[in-house]
Structures are given as structure tokens and as C-alpha cells.
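Asks: Here it is, the structure in full.
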Amino acid sequence: MKKIKRSNIAMLIVFFLLVPLTLFLGTKLPGRGYYITGTLIIIELMIPFFMAFEGRKPQARELVVIAVMCAIAIVARVAIPIPNFKAIFAVIMLTGIAFGPETGFMVGAVAAFASNFFYGQGAYTPWQMFGYGAGGMLAGFAFAKGRLPRKPWVMAVFGFFAVILWVGPLLDCSRIFLMLSTVTWAGVIATFISGFYVNVSQAICTVLVMLLFGRPLLEKLDRIKLKYGMMEDEDGL
Amino acid sequence: MRNDAFSKCHPAVNFLFFVGAIGMSVVIQHPAYLTAGIVTGAVYYLLLNGRKGWKTILGLLPMFIFLTAINPLFNTLGVTPLFHLFGRPYTLEALLYGAAIASMFVIMMLWFGCYNKVLTSDKFTSLFGSIIPAISLVLVMVLRMVPNFIRKTQQITGARKSIGKGAAENASTKEKLNDGMTVLGALTSWALEGSVVTGDSMRARGYGCAKRSSFMIYRMTVTDWALLFIMMALLASTVTAACFGQVTAVFVPAIDLAPTSWGLATYTCYLLIPTALHIKEAIQWHISKSKI
């Protein structure tokens, strides 16, 4: 049995100590206690991932590829001359599919954070980081080892539901906790309905990118992997 | 921001200030404290942004009214119904509660606006460079690549245009989308090839051989330590005041506000730190200019 990794210990501490403690103390906070509790938990959940990444001392090539994919996800908005066309999440998911869950998470979290340096950080930043990161990771897990076929329409359907069921609701949650005085069903449903249009438009963008760009981008990423023998030991658990 | 005294302080001081200011603003819903938060936030925002800042602040007004008006629709508690809407009471208490929540939202927007101006990406990475070296290196690379890739995108688009390809201004959405994907594909190929060269070059120069040292452009000066101490003292006293129930404010079903006391003073002083520094610097500059 190898020595237990530090990031695994961090994971255990976060899940069994930090999160319950935050939930317990959060109920005692006045005001927007929900928002603070939620945001803290989101940040705490990301810590083990970042520690795992730092802990295994990533190689230079891997770092640069992650940075390039983040930058492409951000620049995609500029490259496609259609206003409000957000391709960022589709690129993150494709990265997760090609390079595995861990890289998918890093690209998602860093791309969300870095893009907010251009569009403004806000109360939603940690939620967006976690949403995009976990989305990229999920895509990595789902398509690893041929669990799901890497066909454009499969990825499109997957992307559609990932936005509608995961990223969108998560961002809506941050608004619910921030803007509603009491969390009631009526208020929650109203917030989800008001966010529905944005979520659907982002989901459709993701579908379109997956259908049109999914296969070419995956081929490019796979070619790079093959040509330079990168990220070989990381075939996605 | 170059002409702001607070922005010239150590990033740690800046970061901790904003954590304190935004953190407190989310927890406290006492109207007096909210007013202090809005006024100080708006003043500092205007100092940072100049006249352009008014636009943002006025833009927050409709949001404030909307959030205030919408709260009684979901929260029907309260003892003074103003009128009935869809058979549900629309109460004064819930309306005021809505105003408090809207104020919190406005305060957050204002302080986040200031945060974006003060804690620029270079400060953030220099602050966290030693704690998360690999991730902040990735962040630095991303921030450098984005403008670079935008330039490259324009080059690719221009080159395609000159050989008669690419979507015209009045092209259909489908054509634009297809064209965008082609450009994005070309960009990806170019960028990934380049990334391998960069990565190999980094390894050849010894990346990952030993613990990376980092150049710190910012030093904690005496002023920074003093500022940090004052900040912590003010924050601690505000938290103490909160523990004594000074910030308690209950809106529904009936309004019950704690009387204001010294907690409000320390809270306001805390939020005025950047403004005070800015004004002090401006006065000093004025004096030294008039001496010439």
C-alpha cells in the first residue's frame, strides 16, 4: 500500500469536516447566510482538485496544453461572428473528452476564472468555476474508455443536458441565494424560469458546436496526443 | 489603476480588504449598515472610474427597484398589507425587506466593480503564485494567450477573406457559424502545435527541476502592515458588534431593528479606508504641487 496522497487526505477533510462544519455554522449566519454557505462549500469542494493537480507536479507540456485550451475556450466567442454565441462550455467538454476528466476539470475552472478577468469577476465566479470544471470532468468520465461513443450527436445530446441540468441550474442557485429573501418554491421556480432562456440559448450553442466542431476538434487533440505522446498515462480512470 | 493610493498597496492588503467588505455586505442586512455600504462603495467606485462610473451606478437603480418590488410577490409575511395582488397580500414589511436585499445586491456589485479595478490579474497571480504555483502559471499563460489568440483569429479571418473565403457581413447565421468553426479549427491546430514547442522549451530551460522561486514586485511596507492592522482591528470590532446583536434586523412579520451603536462607526471606517487613502494622496499631491 502506497502512502496516502495529500490530496486524498484533503478530500476526506473537506467532505467529513469542512462541509458539515460550514453547513452547521451557516445556519447561524444572519442575512444572506445561504449564499455564504453555498459559496464556501463550492470553494471547499474545489480545493482537493487543485491540490491534486499541484501535488503531482504537472509537466511543462501539460500546463501549456491546459492553458491553450482555456484560451481557445475564451477566444471562441471572438472567432465566431455571432453575438451572444457562447462556445466556451462546448470547448471545455471536448477537452475533457480528449484529455480525460482531470484536465477537463482544470480547463473548466481556469477558463471560467480567467474569462471573468475580461468580463468582470462577480458573486457568481466560484459557482461558474465549479460548474464548468465539473462539467468538463463529467464529460471526461462519460466518454473515457469508450463508455459513450464519441459521435457528434451523442456529444451534442450530452452537452445539451449538461447545460440544462447542471451548469444552468448551478448558476441559477447562486442567484436564488443572493436575491431571494426566503427560499420558497415559488421564488425558486420563478428564478429558474427567468434563467431558462439564457440556459436554453447556451445549451443550443453547445449542441451546435458539438455537432459542427466536435469531430474536427477531437481529431486535432488526438493527433497532438499521438504525435507527441502526451498525457499517455492519463486515460481517464 | 495607477492614480489610486489603495491600488498601490500590497495585493494581500487589497485582497483581504475586499474579502472583508464583500463578506460583511452579504451578512449584514441592517438598513443603517446597508446605507453606509452603498455610499462608501459608490464613492470609491466613482473615485476609481471617474465620470463613467455614474453610468454603472445609475444602471443599478432599475435593478434595485425591480428586486425591491418583486420580493413581496414571493414573501407574503408582514403585518401591514398595502394591497392585494392575485389574492395574496402585498405587504410593506416584505417591500422593505426587498429593499434591504436589493441594497445588498447593489453593494456587492459596487464592491466587485472596485475589486475588478484594484485587484488586477497580475496582482492576483503574484499573490497566489507561491501557494498554487502551477495553477497561477497556467492563469498567467491564459491571460497572455487570449489577446494573442484574438490577434491570430483576426489574421486567419483576414487571410481567408483575401482568398475569397469567409462569411460576408450579411451572410446567414449558418454560414457565419460554419466559417467561425473553420477559423476556430485553424486556430486550435496552430495553438496546440505552438504549445508543444513552448512546453519543450520550458523543460529545456529546467522547468520542474527544482522548486520555482518567484519574483515579488510587491513588498509589505510599514504602511501596509499598519493598514492591515487597522483593517483587522476595525473588522474585529464590527464582528464583535454583530455578535452583540447590533446588526440584527428583522423585517418580517414585523420590523424590528437593533439600535445603531459603535458597530456602525467601525464598519463605516473600514469601508472608508480606500477612499481615505485616495483623498489623502490627492491632498498631498495638491500641496506638493502648490509648493513648486
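The values are calculated or read from the model by the stated rules, or taken from the named source; none is laboratory data. These numbers were taken from a predicted model, which means no experiment stands behind them. All Cβ positions, even for glycine, are placed from backbone atoms using ideal geometry, and neighbour counts span all protein chains on display.
Asks: Please work out which one of (1) free of Cβ contacts under 8 Å to residues at least 60 places away in the same chain; (2) touching a helix residue (DSSP H, G or I) at 6+ places or on another chain (Cβ under 9 Å) is the condition A:Tyr119 fails and give its number.
Replies: (2)
Asks: Within region B:66-117, work out how many residues are within 11 Å of chain A (Cβ to nearest Cβ), under 22 Å from A:Phe177 (Cα atoms) and assigned to a strand (DSSP E or B).
Replies: Result for region B:66-117: 0.
Asks: Something else: For region B:169-177, does any single residue satisfy the condition of being over 21 Å from A:Gln121 (Cβ atoms), crowded, with 20+ Cβ neighbours inside 10 Å and facing another protein chain (nearest Cβ under 8 Å)?
Replies: Within region B:169-177 (the criterion being over 21 Å from A:Gln121 (Cβ atoms), crowded, with 20+ Cβ neighbours inside 10 Å and facing another protein chain (nearest Cβ under 8 Å)), the answer is yes, since at least one residue qualifies.
Yes/no matrix, rows are residues, columns are (1) in contact with an Asp or Glu (Cβ under 7 Å, 6 or more places away or on another chain); (2) at pLDDT 85 or above; (3) among the aliphatic types (A, V, I, L, M); (4) assigned by TED's automatic domain parsing to the domain that holds A:Gly100:
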site	(1), (2), (3), (4)
A:Val157	no, yes, yes, yes
A:Phe160	no, yes, no, yes
A:Cys173	no, no, no, yes
A:Ile189	no, no, yes, yes
A:Thr206	no, yes, no, yes
A:Leu217	no, yes, yes, yes
A:Leu237	no, no, yes, no
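Asks: Sticking with this one: Testing A:Ala111 on (1) aliphatic (A, V, I, L, M); (2) without any contact (Cβ under 8 Å) to a residue 24 or more places away in the chain; (3) within 30 Å of A:Ser194 (Cα to Cα), one condition comes back false. Which one is that?
Replies: (2) is the only condition that A:Ala111 fails.
Asks: Which one is modelled with the highest pLDDT among residues in region A:59-80 that are at the interface with chain B (Cβ under 7 Å from one of its Cβ atoms) and either surrounded by fewer than 18 Cβ atoms within 10 Å (Cβ to Cβ) or more than 16 Å from B:Val140 (Cα to Cα) (or both)?
Replies: A:Ala76
Asks: Can you tell me which residue within region B:242-278, out of those that are polar (S, T, N, Q) and assigned to a loop (DSSP other than H, G, I, E, B), is nearest to the other protein chains (Cβ to nearest Cβ)?
Replies: B:Thr248
Asks: Quick one: in region A:217-231, which of the residues that are crowded, with 17+ Cβ neighbours inside 10 Å and either at the interface with chain B (Cβ under 8 Å from one of its Cβ atoms) or of a type in the set (A, V, I, L, M, F, W, C) (or both) is farthest from A:Ile92 (Cα to Cα)?
Replies: A:Tyr228
Asks: Could you please give the count of residues in region A:154-189 that are more than 17 Å from A:Gln128 (Cβ to Cβ) and either out of contact with any helix residue (DSSP H, G or I) (no Cβ under 7 Å at 6 or more places or on another chain) or acidic (Asp, Glu) (or both)?
Replies: Adding up the residues that qualify gives 6.
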